[in-house]
Amino acid sequence: MTKIDITQAPKFEDRHNSPQASEIDSMLKVIGADSLDTLISETVPANIRMQGEMNLPAAKSEFQFLNDLKQTASKNKLFKSYIGMGYYGTVVPGVIQRNILENPGWYTAYTPYQAEIAQGRLEALINFQTLVIDLTGMPIANASLLDESTAAAEAMTMFAGLRKKDKKKANKFFVDQNTFPQTLDVLKTRAIPVGIELEIGDINKVDLTDPNLYGVLYQYPGGDGNVKDFTAFTASAKEQNVFVVAAADLMSLTLLTPPGEMGADAVVGTTQRFGVPMGFGGPHAAYFATLEAYKRQIPGRIIGVSVDSHGNKAYRMALQTREQHIRREKATSNICTAQVLLGVMAGMYGVYHGPKGLTAIAQKIHASAKLLANALTEMGIEQLNDVFFDTIQVKTDAADELRRIAESKEVNFRYFDNGNVGISVDETTNLNDLEVILDIFSEATGKSKSGNLAALATEVAIDFPETLKRTSDFLTHPVFNQYHSEHEMLRYIKRLENKDLSLVHSMISLGSCTMKLNATAEMVPVTWPEFGNIHPFAPADQTQGYQQMFKELVTWLSEITGFADVSLQPNSGAQGEYAGLMVIRAYHQSRGDHHRDVAIIPTSAHGTNPASAVMAGMKVVLVKCDEKGNIDLNDLKDKAESHSENLAALMVTYPSTHGVFEEGIKDICDLIHQHGGQVYMDGANMNAQVGLTSPGLIGADVCHLNLHKTFCIPHGGGGPGMGPIGVGAHLAPFLPGSPVVKAGGEQAITAISGAAWGSASILTISYAYIAMMGAEGLTNATKIAILNANYIKAKLEQEFPILYTGTNGRCAHEMIVDCREFKSVGIEVEDIAKRLMDYGFHAPTVSFPVAGTVMIEPTESESQAELDRFCDAMLSIRAEIAEIANGEAEVGNNVLTNAPHTAGLALSENWDKPYGREKAVYPAPYVRQSKFWPTVGRIDSAYGDRNLMCSCIPVSDYAEEEAMA
Ligand SMILES: *Cc1c(COP(=O)(O)O)cnc(C)c1O
């Protein structure tokens, strides 16, 4: 008789952690370890091991989790929000929602460093850049930033670095008071530590002749809804060598003269209302557009056009070498992960609607606002705007009463401090909504509604003053004019998706970036309206579902990191670094230690570490690594001693970026504390810590978590991400706040992001992961991540030198494979990366943290079979290199240097390679079962950097450009 225990649900852990028990045994044999626990003991130093299990709720099945979360989600109230302030209702086209936002073919892709297998999203990003360029009237744009507020701050710091000779000492940046409050707050945060004097005031009164002034920023349309002409102002500013930045609403620019045409030096903003749900704050793609002259200073990534080895047009990330190093100590920006997936969506919204469709949407929005303004005026209610796009301000002496009535009708307005009420309409606003708004005003004021709205609605006149009326064309490129039917759009999206290799094809063993499973059940809630359609500044009583989720997630992440509290505000790992350092800064200052401003950083650190330190006003002191890759303890002692007086922090990645659990880590933390410093742990490698040790246990004071690495938020092709920070109790009071809603510690520093909980809607993913894995599942994930890495190491180490291992010869969750010796036969690490494409694999991390190497991180989600295929590919490539060495293959004309091989090349009539076509494109048996074809040949990076082009240009024009070059 079979007995069944019906309380046992299927374990999600068994889906996430790929190798099954029998596989684990066979892998351990290859590694030469008796058991998984032995392997872990040999890898993780005993003095930092966590005793017992983490205190987390019991793991839930996928089914149970989704049911329970639905209950929580239902506590979020879906009011109509007319709050505006940079966040608006939008209609997400179904074809974009299902085929991009909900499609792992798009969302599981990595940042497009390997351009030959990323042409789809690179094209989509070129569309995004073109959309921004055309609408803002600027010559160049980047491929997204984190949010509008930080984009404004990036402009402020970029121009500080670009001050003209006569302004070298000028350090004042002026911001119009009519700018959104969250942007003002982020600007404050970013200005102070780097010595920029931020002045907030009335832009009509700014003294442009002030020799100390180097830049100004204004909101367009203004925060109060008014639209003003800044042409004369901009010209006067430029005469004084003062840079002008506009934070502009992209939708309004289809109708209004864009800031670019008024002479602005940079235009920044958000593309949220281009078909990306509000999500209680994000994620959305911010944009940054500027002049050609500043292309080498522009923060973030720019997609450019280049040529491939066959002379065909191909896209790539421009100035990529610069990007990879993020300018370290010389940085004015630390942006790394941005918002690619959301940028792709916004670009596609532009493609789907085209110039006419976008104009029609903008006209409808404007007409709705106008109709509302007219109707209110007719009722005898004072409306304060003359020229406006979508936002009006109403004067009322009954704001409290109005608010009560509005909320009883499930409506949110913006309530200004002076008692005025702001109303921003959007693409979703219909006639009925306007009637409800009028009803609210009628009830609150006792004034009766007059006229027939429906009759008036058909003929609202749109006429902006001549100087504010947009006259220039935009989105004239064919891509914005041919995919307007759903079938055409669907196939366009699919065509691009099919050019890109993502986790739906094979393992992406990106060292340091932890490309693990993004489970479907984790992704499902992201597009629930209860999470998507919530304005970030909605009153707290409407967002109880979110608040409950945050509270639990904060508790869980605190438990996992061993810290007292967590801030969910930073939108990326790098932003977490900055937030953490600013919290450390505030802590030192609270103790009167204003002089503590030295950050010690190992030379092996990720480029964002020194960049964040500089942005937080710290001086970077580098500490060497020894020949084993560990921090050189003697050098550290010297540096800590000589900077003892002024030591603010040590930034340390653990396990190290070399893939090793350094044994001296506790001593390192003690040493820093002895000298009065704080320990900032870069948590990018948390996937090797969860459940086995923790930053708190090790002795760190702060740590960021890249939720898009360890905690399952997909990479989205280069974002979104989230970088919450965990802190010790002494730092918790300083966690960042928000100027609009209640958030952060009691002595909160000013805002790091525009939204109080960053990209709130994707926190559901990490929340789901922890809830479904439970303490044991999470700990097993870490163990298996280490097992998988050591398995790869064991299989490759006979043929490739492995740099750096721990005392017992084990690596942590990743390892560095040295490829420098192959230079003797003309093979660079790049050639290996490109040849992997022919085998259907994405290259591991190339040349970080050591040039000429690859860093492999398999994660726990890959099965033994997949690891074997990857190792076979690497070993087969090693054999191909041996063929060059022994003369069977030609130096400089072989399967590696000619990789990747496209279908076009393999099928061409005049095949002229010294090896066969089969060897080129079917280098291993398993490749035949599912061949992934790179769509372009090797891309010429140098060409693209010399001829930087970052908007869509027709192929015919391209040929001409090329001929001229
Ligand atoms: C990924 C990474 C970062 C940067 O994180 P983002 O989320 O991309 O900003 C910092 N340090 C290390 C070691 C990383 O791997």
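The values are calculated or read from the model by the stated rules, or taken from the named source; none is laboratory data. What you see is a predicted model; the values in this text were computed from it and never measured. Positions of Cβ are generated from backbone atoms using ideal geometry, with glycine treated the same way; all protein chains shown enter the neighbour counts.
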Legend entry - Which numbered condition Gly52 fails, given (1) closer than 29 Å to Arg810 by Cα; (2) out of contact with any Pro (no Cβ under 7 Å at 6 or more places or on another chain); (3) in a helix (DSSP H, G or I): (3)
Inset, instruction - Would you mind telling me which numbered condition in (1) away from the ligand (no atom under 16 Å from the Cβ); (2) assigned to a helix (DSSP H, G or I) Ala574 fails? - result: (1)
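Table: residues versus (1) of a type in the set (Ser, Thr, Tyr); (2) modelled with pLDDT of 95 or more.
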position	(1), (2)
Leu650	no, yes
Ser656	yes, no
Tyr680	yes, yes
Pro720	no, yes
Legend entry - Pick from the range 588-617, criterion more than 21 Å from the chain's Cα centre (by Cα) and either within 10 Å of the ligand (Cβ to nearest atom) or of a type in the set (Asp, Glu) (or both), ranking: modelled with the lowest pLDDT: Ser604
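Results for (1) modelled with pLDDT under 95; (2) touching a His at 6+ places or on another chain (Cβ under 8 Å); (3) among the polar types (S, T, N, Q), shown as yes or no for each residue.
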| site | (1), (2), (3) |
| --- | --- |
| Ile534 | no, no, no |
| Gln547 | no, no, yes |
| Leu553 | no, no, no |
| Ile560 | no, no, no |
| Asp565 | no, no, no |
| Pro570 | no, yes, no |
| Gly580 | no, yes, no |
| Ile584 | no, no, no |
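May I ask you to verify whether Arg585 is within 24 Å of Asp147 (Cα to Cα), more than 16 Å from the ligand (Cβ to nearest atom) and either in contact with a strand residue (DSSP E or B) (Cβ under 9 Å, 6 or more places away or on another chain) or in contact (Cβ under 8 Å) with a residue 24 or more places away in the chain (or both)? Show your work before the answer.
Numbers: within 24 Å of Asp147 (Cα to Cα): yes; more than 16 Å from the ligand (Cβ to nearest atom): yes; either in contact with a strand residue (DSSP E or B) (Cβ under 9 Å, 6 or more places away or on another chain) or in contact (Cβ under 8 Å) with a residue 24 or more places away in the chain (or both): yes.
In short, yes.
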Inset, instruction - Please indicate, with yes or no, whether at least one residue in the range 788-811 is hydrophobic (A, V, I, L, M, F, W, C), under 28 Å from the mean Cα position of the chain (by Cα) and outside any loop (DSSP other than H, G, I, E, B). - result: yes
Legend entry - Pair list, Cβ under 8 Å, 6 or more apart: the range 548-572 residue among the charged types (D, E, K, R), other residue within 16 Å of the ligand (Cβ to nearest atom) and not in a loop (DSSP other than H, G, I, E, B): Asp565/Gly726
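Results for (1) more than 30 Å from the chain's Cα centre (by Cα); (2) in a loop (DSSP other than H, G, I, E, B), shown as yes or no for each residue.
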position: Pro211; (1), (2): yes, yes
position: Val216; (1), (2): no, no
position: Phe233; (1), (2): yes, no
position: Gly269; (1), (2): no, no
position: Gln272; (1), (2): no, yes
position: Phe280; (1), (2): no, no
position: Gly311; (1), (2): yes, yes
position: Arg316; (1), (2): no, no
Inset, instruction - Would you point out the residue of the range 506-533, among those that are farther than 24 Å from Thr853 by Cβ and part of a loop (DSSP other than H, G, I, E, B), that is nearest to the ligand (Cβ to nearest atom)? - result: Asn518
Inset, instruction - Could you check, for the range 706-714, whether at least one of its residues is basic (Lys, Arg) and either closer than 22 Å to Leu342 by Cα or without any contact (Cβ under 8 Å) to a residue 24 or more places away in the chain (or both)? - result: yes
Legend entry - Complete set of residues in the range 816-838 that are closer than 25 Å to Val936 by Cα and of a type in the set (Gly, Ala, Ser): Gly826, Ala833
Legend entry - Selection from the range 107-139 of residues that are hydroxyl-bearing (Ser, Thr, Tyr) and within 19 Å of Gly263 (Cα to Cα): Thr130, Thr136
Inset, instruction - Report, ordered by the first and then the second residue, all pairs with beta carbons closer than 7 Å, sequence separation of six or more or different chains, a first member in the range 511-522 that is more than 25 Å from Ile816 (Cα to Cα), and a second member that is within 16 Å of the ligand (Cβ to nearest atom). - result: Ala519/Cys712; Glu522/Cys712; Glu522/Ile765
Inset, instruction - Test Leu208 against the stated conditions and say whether it is in contact with a Ser or Thr (Cβ under 8 Å, 6 or more places away or on another chain) and either among the polar types (S, T, N, Q) or surrounded by 18 or more Cβ atoms within 10 Å (Cβ to Cβ) (or both). - result: no
Inset, instruction - Test each condition in (1) of a type in the set (D, E, K, R); (2) more than 16 Å from the ligand (Cβ to nearest atom); (3) at pLDDT below 95; (4) out of contact with any helix residue (DSSP H, G or I) (no Cβ under 7 Å at 6 or more places or on another chain) for Lys370 and report the one that comes out false. - result: (3)
Legend entry - So Leu875, is it among the hydrophobic types (A, V, I, L, M, F, W, C) and over 30 Å from Tyr791 (Cβ atoms): no
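Among the candidates Thr555, Thr514, single out the residue that is within 20 Å of the chain's Cα centre (by Cα) and polar (S, T, N, Q).
After applying the criteria, what remains is Thr514.
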Inset, instruction - Would you check which residues across the range 588-611 are part of a helix (DSSP H, G or I) and touching a residue at least 60 places away in the same chain (Cβ under 8 Å) and list them? - result: His588, Ser590, Thr608, Asn609, Pro610, Ala611
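Matching residues to (1) farther than 30 Å from Asn55 by Cα; (2) part of a helix (DSSP H, G or I); (3) away from the ligand (no atom under 16 Å from the Cβ):
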position	(1), (2), (3)
Lys551	no, yes, yes
Val554	no, yes, yes
Gln569	no, no, no
Ala579	no, yes, no
Inset, instruction - Check the range 771-789 and report whether any residue there is in contact with a strand residue (DSSP E or B) (Cβ under 9 Å, 6 or more places away or on another chain), buried (at least 24 other Cβ atoms within 10 Å of the Cβ) and either under 27 Å from Ile631 (Cβ atoms) or aliphatic (A, V, I, L, M) (or both). - result: yes
Inset, instruction - Mind listing whichever residues of the range 615-624 are outside any loop (DSSP other than H, G, I, E, B) and surrounded by fewer than 23 Cβ atoms within 10 Å (Cβ to Cβ)? - result: Lys619, Val620, Val621, Leu622
